[in-house]
Structures are given as C-alpha cells and as structure tokens.
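Peer 1: First, the structure itself, so that you have it in front of you.
Taken together, the values in this text are just the output of simple stated rules run on the coordinates, not laboratory data. Being a predicted model, the structure only gives us computed values, none of them experimental. So basically every Cβ, Gly included, is an ideal-geometry build from the backbone, and we count neighbours across all protein chains shown.
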Amino acid sequence: MPFLVPTLVLALILAIALLVVPKAELHLALCQPHTPFLDAIVPVFSDLVDWLPYLCVVLLLFYRAGWATFLASNLLLSTFIVQPIKHIVCAPRPLTWFAENMPDVSLPLVEGVRMNYWLSFPSGHTTTFFVLFFTLSIILCAENCKGKYVLSFICFLCASFGAYTRIYLSQHFALDVFAGILIASFSTILLYYFLVLKTKNTLFWDWRVQKLRK
C-alpha cells in the first residue's frame, strides 16, 4: 500500500531516534529551525484537523456512503483510543516539561498560538492527520484514481507535515507523535478489514446524497 510503506519507514526512523537521542535533545533538534515562513504556515496547517476531516466526511456522502462511513468511523474509533490514554497518562507538554526539568532552556514559540500544558501523550492531532490522509489514500487506490500512487504519497507527506507541526509548535514531543502514527495506522487497518471489506458489496455502500434528488 503506497501510504503504509512510507509510514512504517517514518515510524521506524522515529523509533530509532527515540531510543538513541535523549528526549530533550531530540525535541530541541526538531523544533529549533524556526523561520518567519514556517511560523506563518505551520499554525494554519496544524489547525486543519479542526474542520477538514469532517468536511471530507460530508463531501464523501455525495460520492459513496461507504467511504464516508469509513472515515467517520475511523475518526471516532481513533478518538476513543487517544482520549482515554491522554487522561490516564496525563503527560506534561513540552512547555511544562522543560519548565520543570530544564528551566534555563527557552523553547522557540510562535506568537499567537495558544499553548497547552498537559495531556501530551499521545498526539491527537497527529492521529487525526494520519487517519484522514491514510483513509483518503485507501479511497484513491480502491477507486483506481489516475495517479493514485503519486497522490497517495502526497497524502503521506501532508500527514507527516501535520504531525511535524505539533513538534514545531512545541505542543508535543516526538514520542507523542510516534504514538499517534501507530494508533492511526492500527485504527485505519482494523476498520478497513472489518468494516470496508465486510460492507463493500451491500446496497448501503453505493448510496449517496445525490440520489435523494432523483
């Protein structure tokens, strides 16, 4: 699968980095290269998950109810996985962790971004980014869209950049992002096999909003 392979490679690279590089050093290395251009676009891109996945669900209802249900169910399942873990672990965000453990270190922050202080692990934004773009990649391949492999890789790049924005903004550590990628991959693959493949041949699958007008 064109999305899954680079995702596994990214997860492997992150896993090695997490094992080899100390937590603070890794975060500082990943969040330090701030530029005015990135400061402008990163917060905007990061906030896409507040509305884009739900817009995609609505738009997919005009194509196939099955794909809309797949994405909506994936968003719901991943949320049910992420939120309990967040509240059980209650891990400090980078701003809190550095203030408590390395108070002399000043994190590069983007003006105007509201910072969070707790519930760092795992990254919900990362999970949603990978759920959304992994699902879209599956749809592109299943529908045999022209240029599906290139489009799937673009989906991977978008998901990866979305995950990186959380580190860039010092809202999450690399470990939080790593966990978000794993949860999204698990949720997507699970629902693909137990929801999509089980319902693909039913009448419900091909229902769409446009049919209401006929």
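Peer 1: Most exposed first by the Cβ proxy, i.e. fewest other Cβ within 10 Å, how do Arg114, Arg166, Arg208 rank?
Peer 2: By the 10 Å Cβ count, ascending: Arg114, Arg208, Arg166.
Peer 1: For a footprinting-style exposure proxy, rank Asp176, Asp104, Asp50 by other Cβ within 10 Å, fewest first.
Peer 2: With the fewest neighbours first, Asp176, Asp104, Asp50 line up as Asp104, Asp50, Asp176.
Peer 1: Right, next: Whole Å is fine, so just give me how far the alpha carbon centre of the range 105-132 lies from that of the range 40-62.
Peer 2: Centre-to-centre distance over Cα atoms comes out at 16 Å.
Peer 1: I'm a student and want to see the number: the projected area of the Cα convex hull of the range 131-214, averaged over all directions, in nm².
Peer 2: Mean projected area of the Cα convex hull: 7.5 nm².
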